[in-house]
Amino acid sequence: MYFAGIDIGSTMTKIVIMDDEINSQVIGPTGAEHRHLANKVMEEALSKAGIAFDELTYVVATGYGRINVPFADKQITEITCHAKGVSSIFPSARTVIDIGGQDAKGIKIAGGKVVDFVMNDKCAAGTGRFLEVIADALGLKLEEMGELSLQSKEKVRISNTCTIFAEQEIVSKIADGVPIEDILAGLHEAIASRVFHMAEKMKIEKDVAMTGGVAKNVGMVKALEDLLGFPVLIAREPLLTGAIGAAILGKELVIKALEKGEAIEKGARLLEAASFFK
Amino acid sequence: MSWFAGIDIGSVNTKVALFRDGGPPHFHMIQSGANYRVAAEKALDEALGKAGLSRNDIVAIMATGSGAPRVDFGTDQLSDISCSARGVHSFFPSVRTVIDVGGQASRAIRVNDEGRAINFAVSERCAAGSGRFLQIIARVLQIDIKDAGTLSLKSSNPIIYTTGCAVFGESEAISRVAEGTPKEDILAGVQNAIASKIANLIDRVGMEKDCAMVGGGALDIGLVKRTEERLGITLLVPENPQLMAAFGAALYAREVIPTNSKFDITHREA
Amino acid sequence: MSSKGLAKAKDIYANRAGRVRELKAEGKKIMGYVCAYPPLEMVTAMDYAPIRVIGSMDEPITKADTQVPSIICPMLRSMLDLGMKGKADFVEDFIGAHTCDCAEKFCHLYQHNMQFPYYHFLDVPHIAHKASFGFMKAGFQLFQKTLEAHTGKKLDPDRLKQEVKKHNAQRALVRELYGLRRQDPPLLSGSENLQIMLALLSIPIEEGSGMLKDIIAEVKARKDGPKKKAARLLLWGSPLTETSIIDMIESLNANVVMDDICTGTRHFWPDVEMTSDPLDGLAKRYLDDLKCPRTFRETTSSFEEDQEVRFGYIKDYAKEWNVNGVILQSMKYCDTHGYEVPAIKAYFDRLGIPSLYLEHEYTMVALAPLKTRVEAFIEMIS
Amino acid sequence: MAEEKKKRAITRLESSALVRPLVNKMYMEGALAGMEERPVAWSMVNWWEGDIIMRAMGVTPVYPENFGTVCAALGIAQKYMGVSAAEGFPTHLCGYAQNTIGYTTEMKREGKVPEGAPMGGMAQPTFMLCSEGYCDARFKWFQSLRQFWNVPVWTLPFPHPVYTDPSLQDVHKVNVEYMAVELQGFIAFLENLLKKKLDRDKLEAMLNNQEKVFKVWWEINELRKAKPCPMHARDFWTMMVPCFYTAYDPETLAVYQQVYNEVKARVDNGIGAIPDEKYRLVFAELPPWHSLGFFDKLAERGWNFAAESASYHPPPPMELNGGGDLPYRIARWTYWSYINTGYRAAKMGYPAVGAAQPYYNWAVEYKIDGILTHPLVTCRTATFWHTHSMNVLRDKLDIPGMSIQGDIVDLTVFDAATALNQAPAFEESMDHFRKVRKSKGLDW
């Protein structure tokens, strides 16, 4: 039996197809247009796994864009899916810190289940999107940005909270000759402390796993570890935990139903474009 | 010749106005880019070049705009609130309320019969309340801000953004485009969002007619129309709304600096 | 108004002002009031229809920004906004109360803007010491004195006792109605319930009690009640004047079966004790029995016991209505509820009842982010 | 801070330097009492209601709100606020509360006054005293502190009569009596807690001293009506502290007398608090404790602040009749300190309500050119009336207003740059309205 998890984030679409282990995984390129083409990503994942769409026993959609995925059997929030995905990779993890494009989350887990969570999604400040915008402005990759910030001798405070104005502030600071690494270090610290204090509301417990694209930014990882006082766990592909969790949850659902001899509730299964706005 | 210069070093564009008694003003505008000082120098020299003038023809320069305090440029500096008010008033002496939709913030300014700012309110430091939001969305839609207006007027059902953040608004607009929502509805949505913020600012300072709209945002006739609808009045819009602060600055340069004096015009004395 | 029962409640909810204007046209004197603290028994005993002044999550706040800064309680700002826009023109006379800090100031500013011919401000102490009851009673007496002076009528003690009975009778009906949500699935949805409560705050007592009787009979017999859902939730927190948040919750796999908000149980739950001087019973009910975090509760031998004193009654709700989760909601800038959150969350943690804190902006839009939280919370507890 | 070095535009009162030792003494006493395990109370600003009784009973009060201003001024508050947020307290709550909650969390964690706490920190309390005065959210946070300190919390009531109540006179009697009875209750609470009796002679002596302090401190502020204004708000904010917390102390009285002499001398010699007083302003309400240097920048522009912070001024000479015993006398003063602006407003026919009343009064009496409001993200009480105050001054007295967003504790909110950028525009505005006032026959 094959199970698919599709995690439609604000900037990336991730799909995992698995039976007992992962058969194929696809991370759609950045760009919001792409969310619209979730079905194309799915087709790509299917061909990678070398199976047909009908061979999927169950499809679970999660993430910011999960709402109207016509080819999913079920929608589950990214919070539950991240928890499941992370604990399948790191059974010792008790806390997940996920800094995604549209929000930042803290999740407490026990036995693969969510026991508590907090979330910020008011505005881009404090989310991965903030970093992306700055990275674009500086013509850097998120990864490079992290590397660079580690060389900072003296952090510089960014006075603007608004991402757009912070971008401007940073660009002109650089023009004024402020070392880029110091600016980035200040930036990472600011975001890390926003996320840390939010997550601390649930009383962060070891081990802590960091997920989302931002986990690839060593600068952010370090800034967060400095605040935590211990190292965090990072999956080889921190973007995929949500999709993995979704696939596993689908699998569990099906197995449970089969054990009970109940019918499996399925969706319409139309392999069409996903929509955000109905 | 005794010319006076006003330079408005804004977050997005730097604008220059050259002015002399009895003659028509010359205007010039360039992008500010990252370095305000460089932008200021460049904008001034290009403006002078266009007008066939040299720096020696300038008696005084008044610098204004959010970038001005960061570069020690001009004979003197004045807040863009005063300058916008003064500039508009010189075009429309009947104006008592000015709406200035700039790249950094939106402002509502009450002016007296002499064109002095007598009361003002400024939007909070969030791009969603400024003209910047419009530019971002216009960029997403790959249209010029000038055409944005005409296009948006076609809108029959403006979208309502699910977020108050310009950055998320951008992603939302992108997805909307991808899903085939008409451009005009996406634009009209932003205009409504900004118009309602403007209405709040107006409420704070109190409205007295006539009312004018200036700043880059006023180039968007769609925003002008929706603000008019929101306020239930007609707005006066000068020909070059984005240049009013620069022009006002030039007028102030004329006023505050004695014509006979001659001194270093690119640097204020410490 | 022709409709009956649930339909009637729905109609009134959809157009409160319309109904109150009808009443006014019928010659009813309207006394506007804030919060749950003014003694409505005295108001009705003076032949007024008490109508609670509330805000609207649906109407963008514009005019009020000329009077109060935006960091003030959005509901109070909205109340002022509606007043300034003439949308509360049905209020003739007004009684304010010192419930929370912002409400106290709001009342004075509201009067300053509206210039009601009669305005009384009830200064409610924040402690329930022995002397506080005397103070509360004195406040009622002053209210009586000024209102008698304004209307030229005397307040008859026996009439007041009758009114106490009448109000208690309505409270009993409200408790009976809430009882219909003890079973699973509940016979009445959280949204329907809030509509009924808001309707009750907008019509005379007799009319309200009549409506309640119809609704109870109708609901007991209905077949189209809420479906069985994974979560049975208790909703705690700051006042809700629209159903939007409960609609959002109940659009998911959950039923809201009980509440502790002052447009719900808080307003109606406790009866007034029959005392020889009715003002004594009223003072006790409104100062002490009424449960709002705005009142300081004496400290005890431990914080845990404090929590029991402060939140014990909510635990009883949770048990009797058999809930498996609690939604703690507060509008932004509400200090009274804001300070409460960590303590009440810890209390429910200790009871093993999961809870979720939602902070909202007191508007109907932008509920989408909150929805994901609630969805995840339901997944978490079921 | 570089700007600290260069010469200040505000000429501070020399005698205001004498206040610092008083404040230090206050904190030292608190720390000492903690070390010597004498009774310590965490106390709210209670407008002279409870402090003097505690002092007379040998309890040393420490003041979390004042501690908050210190932490803010030293930039330590940021950390404590972060901890408070992590404890689950919403970040829009009172900055002083967040600061104290964060501090207390750290204190419990470290089992002692936390590392880096300023002024020796705050010693563990024997009990906590709330006041309903002005901001009733305050008892909520002492209630919250119970999760850290298992000590009793006592709350002093503080009636808030309607400003425009025609039957105010009847109300006063009820209110003052209620407060007096509750003060008796407080005394009983202390006597029972401390197992000792109150020394009423001692209390009376302290009260006599306190009333003298009120008088001098009031007169000092009256002198500020002079042109140019001899004393800047900076000095007021420094000097309001002893009157609040140690008015019972003869040393406090002595210091205020010296301050009076200096201010009087300035008035007699036409000396102002700033070199060139172009504009006289009033400041509402609480200042940015972390950025007070900002006022020197404004002083350089000729902005002098002649009045400020309505809720923090001493009560004027008593106009409330009635004798009564000591608690009654204490109650009357505290009550009077709250109600007196309503009294004055009544005489003026209520041109304003709420905290706009004192600002209206001052604008007239101190010949104010403009009002600068400082809306605080975390303080609704101090901020609620700002807009109304600005409206009233603009509409009734043709005095313009300007706002600068900020906070009492959270320094990241404060936007001095924008304010300074707007200053010239506001000066035009003040110039304009001067003409308007003249044209309407007002004398300033």
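With r defined as the distance between the Cβ atoms of D:Glu204 and B:Asp57 and R0 fixed at 60 Å, what FRET efficiency is calculated, to the nearest 0.05?
Working from the Cβ atoms, E equals 0.15.
Using alpha carbons only, what's the Rg to Rh ratio of the stretch A:45-176 with Rh from Kirkwood? If you can, show how the numbers build up before the last one.
On the way: Rg = 19.1 Å, Rh = 17.8 Å.
Rounded to two decimals, Rg over Rh is 1.07.
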Quiz item: Add -39500 (n - 2.57) for each DSSP H run of 4 or more in chain A, then divide by its residues: what number comes out at 222 nm, to the nearest 500 deg cm²/dmol?
Solution: -12500 deg cm²/dmol
Quiz item: What's the average, rounded to a whole number, of partner chain beta-carbon atoms within 10 Å of each residue's beta-carbon in D:414-420?
Solution: 2
Quiz item: Among D:Val263, D:Val174, A:Val115, B:Val224, what is the fewest-to-most ranking by other Cβ atoms within 10 Å?
Solution: A:Val115, D:Val174, B:Val224, D:Val263
Practice problem: Give the span of chain A's Cα atoms along each principal axis, as three whole-Å numbers ordered largest to smallest. | Solution: 66, 37, 31
Exercise. Please figure out what share of the DSSP beta bridges in chain B is antiparallel and state it in percent, rounded to the nearest 5.
Key: 60 percent
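FRET efficiency for C:Thr151 and C:Asp289, Cβ-Cβ distance as r, R0 = 35 Å, nearest 0.05?
E(calc), rounded to 0.05, equals 0.80.
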Self-check item: Subset of C:Lys4/C:Lys371; A:Lys74/A:Lys260; B:Lys197/B:Lys225; A:Lys122/B:Lys197; C:Lys85/C:Lys291 violating a 21 Å alpha-carbon distance limit
Solution: C:Lys4/C:Lys371; C:Lys85/C:Lys291
Practice problem: Within 10 Å of each residue's Cβ, count the other Cβ atoms and sort D:Trp336, C:Trp236, B:Trp3, D:Trp218 from fewest upward. | Solution: D:Trp218, D:Trp336, B:Trp3, C:Trp236
Exercise. Within 10 Å of each Cβ in peptide C:120-126, how many partner chain Cβ atoms are there on average? Round it to a whole number, please.
Key: 6
Self-check item: Rounded tilt (10° steps) of C:303-320 against the dominant C-alpha axis of chain C
Solution: 80 degrees
Practice problem: Can you check what the Kirkwood hydrodynamic radius comes to for the stretch A:91-234, Cα pairs only, in Å to one decimal? | Solution: 15.2 Å
Exercise. Please list, or write none, the lysines whose alpha carbon is within less than 21 Å of the alpha carbon of A:Lys141, excluding same-chain residues fewer than 8 places away.
Key: A:Lys14, A:Lys155, A:Lys173, A:Lys216, A:Lys222
Quiz item: Of all DSSP beta bridges located in the stretch A:91-234, what percent are antiparallel, nearest 5?
Solution: 65 percent
Quiz item: Which of the aspartates and glutamates could a cross-linker span from C:Lys228 if the Cα-Cα distance has to be under 15 Å and same-chain partners fewer than 8 positions apart are dropped?
Solution: C:Asp184, C:Glu250
Practice problem: Find the all-direction average of the projected area of the Cα convex hull for the protein assembly as shown, expressing the result in square nanometres with one decimal place. | Solution: 52.3 nm²
Quiz item: Cα-Cα over 20 Å: which of C:Lys223/C:Lys315; D:Lys225/D:Lys440; C:Lys130/C:Lys165; B:Lys15/B:Lys50; C:Lys29/C:Lys154; A:Lys113/A:Lys256?
Solution: C:Lys223/C:Lys315; D:Lys225/D:Lys440; C:Lys130/C:Lys165
Quiz item: In degrees between 0 and 90, to the nearest 10, how far off the longest principal axis of chain D does helix D:386-397 point, with axes built from Cα atoms?
Solution: 40 degrees
Quiz item: Rounded, prolate or oblate: which fits chain C when a ≥ b ≥ c are the square roots of the eigenvalues of the alpha-carbon gyration tensor, with rounded for a/c under 1.5 and prolate only if a/b beats b/c?
Solution: rounded
Quiz item: What dipole magnitude, in Debye to the nearest 20, does the stretch C:16-153 give about its Cα centre under +1 on Lys/Arg Cβ and -1 on Asp/Glu Cβ?
Solution: 140 debye
Exercise. Quantify how strongly other chains surround peptide B:176-184 by giving the mean number of their Cβ atoms within 10 Å of each of its Cβ atoms.
Key: 3
Practice problem: Compute the Cα gyration tensor for the stretch A:130-184, then decide on rounded, prolate or oblate, letting a ≥ b ≥ c be the square roots of its eigenvalues: rounded whenever a/c is under 1.5, prolate when a/b is larger than b/c in the other cases, and oblate in all that remain. | Solution: oblate
Practice problem: Any chance you could give the angle, 0 to 90 degrees and rounded to 10, that helix D:326-347 forms with the longest Cα principal axis of chain D? | Solution: 20 degrees
Quiz item: Listing D:Cys94, B:Cys211 from the residue with the fewest other Cβ atoms within 10 Å to the one with the most, what is the order?
Solution: B:Cys211, D:Cys94
Quiz prompt | Anchor D:Lys7: aspartates and glutamates whose Cα lies under 13 Å away (excluding residues fewer than 8 positions away in-chain) | solution = D:Asp296, D:Glu300
Quiz item: Considering only DSSP beta bridges with both partners in the protein assembly as shown, what is the antiparallel share in %, to the nearest 5?
Solution: 35 percent
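Each reported figure results from applying straightforward, stated rules to the coordinates on display, with no laboratory input. All of these numbers come straight from a predicted model, not from anything done at the bench. Here Cβ is always computed from backbone atoms with ideal geometry, including for glycine, and neighbour counts include all displayed protein chains.
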